[in-house]
Amino acid sequence: MKLLSVIVPVYNEEKMIPKAAAVISDILVKENINYELLFINDGSKDMSWPAITEECHKNPKVKGICFSRNFGKESAMFAGLECAEGDCAVIMDCDLQHPPEKIVEMYRIWQEGKYDLVEGVKSDRGQESFLHRFCAKAFYKIISRITKINMENASDFKLMDRKVIDVLTAMPERNVFFRALSSWIGFKSTQVTFEVREREEGVSKWSTWSLVKYAFSNIVSFSAAPMQIVTILGAGFFILAAILGVQSLIYKFIGKALAGFTTVIIIVLLLGSIMMISMGIIGYYISKMYEELKERPKYIIVQKLNENRNRTAE
């Protein structure tokens with residue numbers, strides 16, 4: 001029987017871990033799907049790891065992986081993919097906002113053998129603040145235009161065939177954007193729509209500011225578009241400088257005083273600001289290149305639970 005790996009990144013989700021383990025396991029058992037459930041503890045500061053440990057003791061199909069510190073969700077997802085033993089794997093959130101019953105629908109589509117990647121696409125984003133929703137939509141429109149991949153309403157909720165997993169985990173880059181990268185590799189894919197559910201316990205770990213930082217980091221890691229913006233701004237100011245230069249020469253030749261000292265000050269301040277922002281963007285790219293050159297691992301695992309459990313024979 002084919003093995004399905006369910007990968008669940010965890011950060012401060014102690015209240016949701018027992019619920020997630022029970023719900024996911026019950027659904028897959030009822031559907032007679034052979035599975036393993038991997039909880040990836042991404043440096044949680046609450047009692048998430050003890051909760052994962054308890055679930056591992058109760059159910060041999062549950063596996064636990066604990067990081068030495070918080071490395072971020074992208075690292076947790078890749079750790080799950082690298083440790084997964086399944087013929088296919090699905091990634092979902094621990095808060096169950098990704099409907100667990102959709103795993104069955106994804107798995108049945110994958111079983112047909114027509115698609116290597118089944119993507120969960122949001123039909124509704126659930127209850128979000130106006131600012132949060134606006135920032136999310138703006139980011140996905142920008143990243144869709146940059147990557148030429150339609151990523152509006154995209155999510156990390158995806159089921160991947162083993163060959164897709166092997167390609168993703170073989171990529172050497174450390175600063176990765178999973179949602180874009182999983183589409184960029186180009187395997188045959190289809191979509192399953194879902195509605196984002198409300199959390200049953202706890203609060204979201206994503207503030208609007210953290211989403212802004214996440215968005216900028218992923219744009220930089222996946223595209224050189226911000227560098228092109230710097231070039232466009234430079235060209236624009238060159239044209240402006242040329243126009244002002246011609247104007248100055250004309251006024252000089254006709255013997256008129258060139259007015260507009262305030263305008264000059266504003267232009268100088270604006271130009272200085274853009275130069276500083278441009279230097280910041282370039283510096284950010286250099287820092288990302290420096291991180292890649294150091295070749296530090298995406299994550300550090302300090303403990304694994306139930307890792308030696310044998311998969312059920314096919």
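Numerical summary
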{"quantity": "Enumeration of residues in the range 18-50 that are in a loop (DSSP other than H, G, I, E, B) and under 26 Å from the mean Cα position of the chain (by Cα)", "calculated": "D42, G43, S44, K45, D46, M47"}
{"quantity": "Every residue from the range 49-86 that is charged (D, E, K, R) and open to solvent by less than 20 Å² (accessible area, probe 1.4 Å)", "calculated": "E55, K63"}
{"quantity": "Single condition A79 does not satisfy, out of (1) assigned to a helix (DSSP H, G or I); (2) of a type in the set (G, A, S); (3) touching a helix residue (DSSP H, G or I) at 6+ places or on another chain (Cβ under 7 Å)", "calculated": "(3)"}
{"quantity": "One residue from G113, G120, G86 being touching a strand residue (DSSP E or B) at 6+ places or on another chain (Cβ under 6 Å) and modelled with pLDDT under 90", "calculated": "G120"}
{"quantity": "Filter pass, V23 being in contact with a Pro (Cβ under 6 Å, 6 or more places away or on another chain) and surrounded by fewer than 18 Cβ atoms within 10 Å (Cβ to Cβ)", "calculated": "yes"}
{"quantity": "Hey, R199 modelled with pLDDT under 80, assigned to a loop (DSSP other than H, G, I, E, B) and either surrounded by 11 or more Cβ atoms within 10 Å (Cβ to Cβ) or out of contact with any helix residue (DSSP H, G or I) (no Cβ under 6 Å at 6 or more places or on another chain) (or both) or not", "calculated": "yes"}
{"quantity": "Condition broken by K30, with the remaining ones in (1) surrounded by 23 or more Cβ atoms within 10 Å (Cβ to Cβ); (2) without any contact (Cβ under 8 Å) to a residue 24 or more places away in the chain; (3) charged (D, E, K, R) satisfied", "calculated": "(1)"}
{"quantity": "Those residues of the range 152-168 which are in contact (Cβ under 8 Å) with a residue 24 or more places away in the chain and either assigned to a loop (DSSP other than H, G, I, E, B) or open to solvent by less than 40 Å² (accessible area, probe 1.4 Å) (or both), in sequence order", "calculated": "N153, A154, S155, D156, F157, K158, L159, M160, D161, V164, I165, L168"}
{"quantity": "When residues of the range 38-48 are limited to those that are out of contact with any Asp or Glu (no Cβ under 6 Å at 6 or more places or on another chain) and modelled with pLDDT under 95, the one surrounded by the most Cβ atoms within 10 Å (Cβ to Cβ)", "calculated": "D42"}
{"quantity": "Yes/no for H98 being open to solvent by 40 Å² or more (accessible area, probe 1.4 Å), outside any strand (DSSP E or B) and at negative phi", "calculated": "no"}
{"quantity": "Single match in M289, M279, M275 (criterion: modelled with pLDDT under 75, within 30 Å of F237 (Cβ to Cβ) and hydrophobic (A, V, I, L, M, F, W, C))", "calculated": "M289"}
{"quantity": "Pick from the range 56-97, criterion more than 20 Å from the chain's Cα centre (by Cα) and among the small types (G, A, S), ranking: nearest to N41 (Cα to Cα)", "calculated": "G64"}
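The values are calculated or read from the model by the stated rules, or taken from the named source; none is laboratory data. Predicted model, so just to flag it, every value in this text is computed and none were measured. Quick reminder, even Gly has a Cβ in these numbers, built from the backbone with ideal geometry, and neighbours come from all protein chains shown. Heads up: the accessible areas ignore ligands, DNA and RNA and are worked out on the full protein's heavy atoms, side chains in. Shrake-Rupley method; radii C 1.70, N 1.55, O 1.52, S 1.80 Å.
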